[in-house]
Amino acid sequence: MSSEKKKQTVQTTGHAWDGDIQEFNNPLPNWWLWGFYATVVFAVIYWILFPTFPIGNTYTKGIMNDITYTTADGKEKTSHWTTRALLMKEMQEAREKQKPFIDKINKSSYKQIATSKEQSAFAYSAAKVLFADNCAGCHQTGGAGVMGMYPNLADDAWLWGGSYEQIEASISKGRKGSMPGFKTRLSNAELNQVSEYVLKLSGHKVNAAQAIKGKAIFEGTGGCAACHTSAGTGQFAMGSANLTDKIWTVANVPAAAAISDKRAAIRKVIASGINRDMPAWNGRLTDADIKMLSFYVHQLSGGK
C-alpha cells in the first residue's frame, strides 16, 4: 500500500528568478515583533522624559525635574536633567560631606594630621586621587618618576628638601631645576676628569689620577662646588643634587653595566646641562588640596 507525502505550501512574494528560484514570505516570530514594539514604546517615553532632540541652538528639555546644584565657585545653578547636571549635583553633595574633614585639615598642623587616624586616612585617600589627576602624568602612579625627566618621589632623596613645609613649597610655588652645560667651558679631557671625580663621589672605583684632576676642576675652574658643595652633597636651597648618595635623577648610571658607560652617562649631563621646570599649583589647587598632597608625597617616601 503506497502513501503520498503532502507537500507543504509556503507563501512566496511572487518574485521568481531563472524560472524556479522564488522568494519566500515567512512572517517574523511574534517574540521578535513584540520586542521591537517594546523598544519603540520605550523610545517614545524616553523622548518625553529626558532631553533628546537638538533644535537649533537648544534641545528638547523633557519633563524630568530640574536639578539645582552649587558650582565649585559657589554659584547656584539650575539645569534640566542631564548626566552632567547630575554629576555636578553629586559632586556638590560630596563636597558638603567632605567639608567638615577639609575644615579640620585646614586648621591642623602636619603633625596633628599624621597623629590623627581620622585625618591622616582622609588626607591620604583624598590626596591619592589628587595625585593621580594632577601629578602622576609626570611622576607616575607610585611617584617613581621618569629617569632623566621627573624626580622619584618615593626614595626619600630630595632635591629641594623632604620636610612637609619644603614639599608644600615645591608644590605651591613650583620649581625650576637648571644646570648650565659645560661643553663650551671645559675641554673634552676636563669633562672626562670631572666625570671621573663624580663617579668617585658616589663610591665607584675610578682612575685615581683622573679623579684628582677632576676634583681640582670641580672645586675650582668648573665652579661645581658652588652649587653641589665641595663635599658634593648638594643644597636644598638651590635644588642641587647630592652626588654622594648613589641616587641618580638624570644620568642613568644604575642602568649602565660597564664603568665606561657610567662615566659617559655622567659626562653627557655635565656637557649638556639640565633644564627642568615644575609648574606652580598655587591657584590651580586649593590650600587644603596642596596640604593633603604634601602629606601624601611625604608618606610616599616613607614619611622620613
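Of all residues in the range 194-238, how many are among the β-branched types (Val, Ile, Thr), in a loop (DSSP other than H, G, I, E, B) and surrounded by 14 or more Cβ atoms within 10 Å (Cβ to Cβ)? Break it down stepwise before answering.
To start, the set of residues in the range 194-238 that are among the β-branched types (Val, Ile, Thr) comprises 194, 198, 206, 212, 217, 221, 229, 233.
Those still in the list that are in a loop (DSSP other than H, G, I, E, B) too: 206, 221, 229, 233.
Going one step further and asking which of them are surrounded by 14 or more Cβ atoms within 10 Å (Cβ to Cβ), we end up with 206, 229, 233.
Looking only at that region, the number is 3.
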- Message: So the check is Cβ under 8 Å with 6+ separation or different chains; which pairs have a first residue in the range 41-69 that's assigned to a loop (DSSP other than H, G, I, E, B) and a second one that's surrounded by 11 or more Cβ atoms within 10 Å (Cβ to Cβ) and of a type in the set (D, E, K, R)?
- Response: 51/61
- helices (runs of 4 or more DSSP H) within the range 107-179 that include 2 or more residues buried (at least 17 other Cβ atoms within 10 Å of the Cβ): 110-115, 117-134, 164-173
- Message: Residue under question is residue 76, and the condition is that it be of a type in the set (D, E, K, R), at pLDDT 80 or above and exposed (fewer than 11 other Cβ atoms within 10 Å of the Cβ); does it hold?
- Response: yes
- Somewhere in the range 182-193, is a residue part of a loop (DSSP other than H, G, I, E, B) and within 16 Å of residue 243 (Cβ to Cβ)? yes
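Based on what the data block shows, is residue 70 farther than 30 Å from residue 298 by Cβ, surrounded by 15 or more Cβ atoms within 10 Å (Cβ to Cβ) and at pLDDT below 95? Break it down stepwise before answering.
Working: farther than 30 Å from residue 298 by Cβ: yes; surrounded by 15 or more Cβ atoms within 10 Å (Cβ to Cβ): yes; at pLDDT below 95: yes.
Yes; evaluated as a whole, the condition is true for this residue.
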- Item | Residues that are in contact with a strand residue (DSSP E or B) (Cβ under 7 Å, 6 or more places away or on another chain), loosely packed, with under 10 Cβ neighbours inside 10 Å and either modelled with pLDDT of 85 or more or farther than 30 Å from residue 81 by Cα (or both), drawn from the range 19-54 | 24
- Query: Do you know which residues across the range 239-277 are assigned to a helix (DSSP H, G or I) and in contact with a His (Cβ under 8 Å, 6 or more places away or on another chain)?
  - Reply: 259, 262
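Kindly indicate whether residue 185 is more than 27 Å from residue 156 (Cβ to Cβ) and surrounded by fewer than 17 Cβ atoms within 10 Å (Cβ to Cβ). Please lay out each step first, then the result.
Details: more than 27 Å from residue 156 (Cβ to Cβ): yes; surrounded by fewer than 17 Cβ atoms within 10 Å (Cβ to Cβ): yes.
Against the criterion (more than 27 Å from residue 156 (Cβ to Cβ) and surrounded by fewer than 17 Cβ atoms within 10 Å (Cβ to Cβ)), residue 185 qualifies.
The values are calculated or read from the model by the stated rules, or taken from the named source; none is laboratory data. Just so it is clear, the model here is predicted, and its values are computed rather than measured. Virtual Cβ from ideal backbone geometry, glycine too; neighbours counted across all protein chains shown.
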